[in-house]
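Inspection log for the structure reproduced underneath, given as structure tokens.
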Amino acid sequence: MIPISSRENPVFKSFCKCGQKKYRRAMGCYLCEGAKMAAEALDFGLSVRAAFVREGEEERFGPLIGRLEGRCPVYRLTAPLFQTLCDAVTPQGVCLALEIPKHMPEPARGNCLILDGVSDPGNLGGILRTANACGYRQIYLVGCTDPYAPKAVRASMSGVFFPALYEVSAEEAVSLTAAVGRLAADMGGENVFEAEIPSPHCLVIGSESHGVSEFLRAACGRTVSLPMQKTCESLNAAVAASVLMYRLTWGSR
């Protein structure tokens with residue numbers, strides 16, 4: 001294990017930049033915090049660029065460190081440096097730098113998502129978490145926030161590891177999902193619990209403030225909505241997307 005105690009250490013300074021999108025993309029890696037997600041990243045065979053452990057917690061994370069040694073450099077950081085590296089207010093004591101996968105956009109092969117302008121990283125991460133649970137393996141991102149931002153990764157609870165994420169234009173998203181039935185989520189759509197669901201399908205989720213764009217709405221054969229009490233105007237993007245995905249995937253079984 002390699003100790004780092006100075007803020008001027010070039011390795012520390014380099015990986016701290018992963019908190020910013022432009023450096024994250026230039027370096028081709030992102031940070032994943034916490035023992036559970038770190039272990040799942042290893043289980044899934046993700047490429048690890050580096051690992052960081054907070055000083056004094058080597059014994060606590062001994063088994064995980066054992067899996068990492070020989071696979072990537074493992075650095076021991078002082079508590080103040082570890083706090084600086086991590087985005088969480090109370091980081092768990094271990095953090096991995098994972099390579100950002102390079103997925104070339106491919107046509108839809110099964111149930112998939114188009115996310116249109118989802119700008120909140122917590123919402124995006126929550127959608128990725130449910131997408132993993134429901135088996136959506138291809139996700140087309142149109143003008144969304146960065147799925148590899150620390151808050152999005154943390155909210156995804158490992159969901160960011162599993163699907164192929166494609167950052168595409170709206171036109172590309174329509175072309176790549178031409179072979180599946182597209183459904184737009186919209187408050188004015190038909191009740192999703194009464195709708196006939198195409199198989200396979202592409203669910204289109206819009207931004208928190210503007211919904212699905214007119215272009216993507218026009219490309220969808222139908223719109224679906226969630227019934228709710230008149231006292232509730234709407235649900236946030238992550239909650240609405242999650243309920244819809246569960247209904248569309250498991251509701252008819």
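State which residue is surrounded by the fewest Cβ atoms within 10 Å (Cβ to Cβ) when the search covers only segment 175-195 and only residues that are of a type in the set (S, T, N, Q) and outside any strand (DSSP E or B).
Here the residue is Ser175.
Working only within segment 130-174, note down all residues that are closer than 20 Å to Gly45 by Cα, part of a helix (DSSP H, G or I), within 8 Å of the chain's Cα centre (by Cα) and without any contact (Cβ under 8 Å) to a residue 60 or more places away in the chain.
Selection gives Ser156, Gly159, Val160.
Just wondering, is there one or more residues in segment 95-113 that are among the hydrophobic types (A, V, I, L, M, F, W, C), on the phi < 0 side of the Ramachandran plot, more than 19 Å from the chain's Cα centre (by Cα) and in a strand (DSSP E or B)?
Keep residues of segment 95-113 that are among the hydrophobic types (A, V, I, L, M, F, W, C), which gives 95-98, 100, 104, 108, 112-113.
Then keep just the ones that are on the phi < 0 side of the Ramachandran plot; that gives 95-98, 100, 104, 108, 112-113.
Next cut, more than 19 Å from the chain's Cα centre (by Cα) only: none.
No, the conditions are met nowhere in segment 95-113.
Scan segment 229-252 and give yes if some residue there is surrounded by fewer than 15 Cβ atoms within 10 Å (Cβ to Cβ), touching a Lys or Arg at 6+ places or on another chain (Cβ under 7 Å) and at pLDDT below 95, otherwise no. Show your work before the answer.
Kept after step one, since they are surrounded by fewer than 15 Cβ atoms within 10 Å (Cβ to Cβ), are these residues of segment 229-252: 229-234, 236, 246, 250-252.
Of the ones still in play, those that are also touching a Lys or Arg at 6+ places or on another chain (Cβ under 7 Å) are none.
No: zero hits.
Quick check: is even one residue across segment 216-236 assigned to a helix (DSSP H, G or I), in contact (Cβ under 8 Å) with a residue 24 or more places away in the chain, closer than 24 Å to Ala178 by Cα and hydroxyl-bearing (Ser, Thr, Tyr)?
Within segment 216-236, the first condition is being assigned to a helix (DSSP H, G or I), and the residues that meet it are 216-219.
Checking the rest, the ones that are also in contact (Cβ under 8 Å) with a residue 24 or more places away in the chain come to 216-217, 219.
If we keep only those that are closer than 24 Å to Ala178 by Cα as well, we get 216-217, 219.
Those still in the list that are hydroxyl-bearing (Ser, Thr, Tyr) too: none.
No; the residues of segment 216-236 include none that is assigned to a helix (DSSP H, G or I), in contact (Cβ under 8 Å) with a residue 24 or more places away in the chain, closer than 24 Å to Ala178 by Cα and hydroxyl-bearing (Ser, Thr, Tyr).
Which one is nearest to Met37 (Cα to Cα), of the residues in segment 53-92 that are part of a strand (DSSP E or B) and β-branched (Val, Ile, Thr)? Talk me through it step by step, then tell me what you get.
So the first thing to find is which residues in segment 53-92 are part of a strand (DSSP E or B), and the list is 53-54, 74-77.
Next cut, β-branched (Val, Ile, Thr) only: 53, 74.
Details: Val53: 14, Val74: 16 Å.
Among them, the one singled out is Val53.
The values are calculated or read from the model by the stated rules, or taken from the named source; none is laboratory data. Treat the numbers as computed from the prediction; the structure is a model and nothing was measured. Cβ sites come from the backbone with ideal geometry, for glycine too, and all protein chains shown count toward neighbours.
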